[in-house]
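Novice: To start, I am sharing the structure in question, which I have written as structure tokens.
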Amino acid sequence: MNRPKRFGLIAIGGFGLLSLHAMVYWAGLTGGFFFDDSANILEPAGIQVKNISLNALLNVWESGIAGPLGRPISLLSFAANYYFSGFDPYWFKLTNLLIHCVNALLAYLFCLLLIRTTKRSILGLGAKEHLSAVVAAALWAFNPIQLTSVLYVVQRMTALSSMFVLIALLLHVWARQQKSLGWKSLACLIAAWGLFLPTAMLSKETGVLFLLYVAVYEAILQPKFAGEVDRLAKVYFVLLGMASVGLLLYIGFNLQAVLLRGYEDRTFTLAQRVLTEPRIIWTYIKMIVVPTMPDFGLYHDDFSISTGLFKPVETVFSIVGLVALFVSAFLARNKAPIVSFGIFWFLAGHSLESTIFPLELMHEHRNYLPSLGIVVLVLPVLTSSRMNNSIYRLLASSCALAFLVYFGLITHLRADMYGDDFRRTQIETGYRSESVRSQYEAGALMVRLYERQHEPLLASFAEKHFERVNELDPEHKLALIGMLQLDCLSDQSARVEVQKELKRRLASGKWNVFDRTAMHAIADMSKEGALCLTRGQVDALFDAALGNKKASLKDRSVVLSDYALYLWLGQKDYVATREVLMRAVSDNDNDVLNRFNLLQLSRLLGDKDGVLALIADLKGRHLSRQDRALLEDAIREMSAQGAITNNL
């Protein structure tokens, strides 16, 4: 068979794999929004773009709450989805799937460049090398660990950032593999570093890992291609080293603000996180190489925390294993460069989210791009000269096909789960019976279904899930509120024992970020007329929460805001609402939200002096574009009504 025909067959096969890939995920597109989708997509007003204008786009750009950079590129993509299809999760998930397909194509091209480093010339890449790159990209794209980056909408941030990182890497590596630094190579380097690196970081901060991926390539594969570590690479290593030392010094001199403060809301310490993550890294490797359905889940809060080197004993073995893996990769850099590259790529990919920073311990989407390092380990096998042996070729091809089919099957089963929220939550609580979040989410979904259908069996199931939550976490608050919500929906009196226990937990239990939503649920129930608690009972719960010494200033601001919402919309008690809002702005000088709430209430009550004072206060603050627009709208509206003078 001549060369064009072989490449044509490979192209057809690649298109067929992409089509099959879409079919594997298709069943999951009918699922809904969940977990962080609400805070990052459904709630921010800036996402809800009604018209295309510079001001609307700038509002989207500044509306981010995730990460230090706000991730505006990802938010713009969410806003585009909303503009064309509203909050229909199907189109959000389909967009994610298309991004993942693009990334599969980019992974194929990147694998070709990796193979090229061992061939020294693009002319040496034949059908075997192209087919090997297709197989590696397919194994990466079909891997079940990628599912949450596709069907968990907010993790588009991960996939989008990875897309720009891959484009930047393709441009950088291609430019570095040219014989001389001509204008094309220079243009590619400028685009990689000046355009796609910033775009990756503005999609999600993990885009900065591009710097480490480049370092791994320049240290291991580029010398094999060029025959030496050239001057450009040496300069890069010096600059990267200086930046790394600067970062470490900054963290060291600002340890409390940068690291330790973030652990105040966590159930683990910095030391416990550092001890636990090696075990998690090996768990990730197992999930990538030999995935099984029970391994996966939206939540991994049931992963046991290491409290010492031998507690559990797997901790020390995991640490020793990672050191051995690192040393092995270093020693293999000359004889097996792609193997060395793949291992260092994987470790570099976890250097941000799986080390010292106060993030949650474990999430599958953290492996989206790092897992490519594990997959490329098949390239030396598939491109080996041994593939000329028919038996070796049959064995290698059969193994690759078997893994591809197996990965596709597991991914499809998971996608089918994610296509229905009821099915997903019930199956995951079966797999992860020790996960507090999985149990609570299943119960909360049952409550929503019971509210619509009033089927007693749903209420019974919800109660069982909430009881399981209380068994697993004696200080959990949302499950108790869920039980009270069931009482109210069942036209029953709220159970006194549940109220007492909730009050105790609010007053003395450890406060974490998820507890902020507990009191908001009470305010929402009151606003919707579905609350069966008396005013005195609700006041007692809010007083208990506000009296908790373990709650931070931000926690108290959120609780006071919810208390004001309850009094304002639920009770129509404007005087009490004013007192609560005054307390909120007095306690926290940075509480802009409650200052806006107090401004609206002061307008309602006709308090002109209060309105003028709040406007002056807000105008002197550094407000976001959206908040500034709200303030200007309020001033214009009050000026039109004659409530204030126009010169404000």
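The values are calculated or read from the model by the stated rules, or taken from the named source; none is laboratory data. On a predicted model such as this, the values are computed, not experimentally measured, just so you know. Cβ atoms come from the backbone with ideal geometry, glycine included; neighbour counts cover every protein chain shown. Accessible surface areas use protein heavy atoms only, side chains included; no ligands, DNA or RNA. Shrake-Rupley method; radii C 1.70, N 1.55, O 1.52, S 1.80 Å.
Novice: Does Ile65 meet the test of being over 28 Å from Leu372 (Cα atoms) and aliphatic (A, V, I, L, M)?
Specialist: Values: over 28 Å from Leu372 (Cα atoms): yes; aliphatic (A, V, I, L, M): yes.
Criteria met by Ile65.
Novice: Related question: Here is a list: Phe296, Phe210. Which entry is free of Cβ contacts under 8 Å to residues at least 60 places away in the same chain, buried (at least 18 other Cβ atoms within 10 Å of the Cβ) and within 25 Å of the chain's Cα centre (by Cα)?
Specialist: Working: Phe296 fails: free of Cβ contacts under 8 Å to residues at least 60 places away in the same chain.
None of the other options fit; the residue is Phe210.
Novice: State which residue pairs qualify: first residue of a type outside the set (Phe, Trp, Tyr) and inside region 538-553, second residue assigned to a loop (DSSP other than H, G, I, E, B) and open to solvent by 10 Å² or more (accessible area, probe 1.4 Å) in any location, beta carbons under 6 Å apart, and separation of 6 or more residues or different chains.
Specialist: Sorted first by the residue in region 538-553, then by its partner, the pairs are Lys550/Lys510; Leu553/Asn588.
Novice: For region 620-637, give me each residue that is in contact (Cβ under 8 Å) with a residue 12 or more places away in the chain and either over 19 Å from Ser63 (Cα atoms) or open to solvent by less than 80 Å² (accessible area, probe 1.4 Å) (or both).
Specialist: The answer is Arg621, Leu623, Ser624, Gln626, Asp627, Ala629, Leu631, Ala634, Ile635.
Novice: Only one residue in Val538, Val498, Val558 is of a type in the set (Val, Ile, Thr) and touching a His at 6+ places or on another chain (Cβ under 9 Å). Which one?
Specialist: Val558
Novice: Same structure again: Are there any pairs with C-beta distances below 7 angstrom linking a residue in region 218-237 that is touching a residue at least 24 places away in the same chain (Cβ under 8 Å) and among the aliphatic types (A, V, I, L, M) to a residue that is in a helix (DSSP H, G or I) and open to solvent by less than 60 Å² (accessible area, probe 1.4 Å), with the two at least 6 apart or on different chains, and if so which?
Specialist: That search, which allows pairs on different chains as well, returns Ile220/Pro337; Ile220/Ser340; Ile220/Phe341; Ile220/Phe344; Leu221/Leu114; Leu221/Thr117; Leu221/Pro337; Leu221/Phe341.
Novice: Another one. Only residues that are outside any helix (DSSP H, G or I) and either hydroxyl-bearing (Ser, Thr, Tyr) or touching a Phe, Trp or Tyr at 6+ places or on another chain (Cβ under 7 Å) (or both): list them for region 292-325, please.
Specialist: Residues satisfying the conditions are Thr292, Gly297, Leu298, Tyr299, Ser304, Ile305, Ser306, Thr307.
Novice: Only one residue in Ala233, Ala200 is assigned to a helix (DSSP H, G or I), under 29 Å from the mean Cα position of the chain (by Cα) and of a type in the set (Gly, Ala, Ser). Which one?
Specialist: None of the other options fit; the residue is Ala200.
Novice: May I pose another question? Give me the residue from region 326-375 that is within 23 Å of the chain's Cα centre (by Cα), in a helix (DSSP H, G or I) and of a type in the set (S, T, N, Q) and, out of that set, surrounded by the most Cβ atoms within 10 Å (Cβ to Cβ).
Specialist: Asn367
Novice: Would you tally the residues in region 491-509 being open to solvent by 40 Å² or more (accessible area, probe 1.4 Å) and touching a helix residue (DSSP H, G or I) at 6+ places or on another chain (Cβ under 9 Å)?
Specialist: Keep residues of region 491-509 that are open to solvent by 40 Å² or more (accessible area, probe 1.4 Å), which gives 491-493, 495-497, 500-501, 503-504, 507-508.
Remaining after also requiring touching a helix residue (DSSP H, G or I) at 6+ places or on another chain (Cβ under 9 Å): 492-493, 495, 501, 503-504, 507-508.
Of the residues in that region, 8 qualify.
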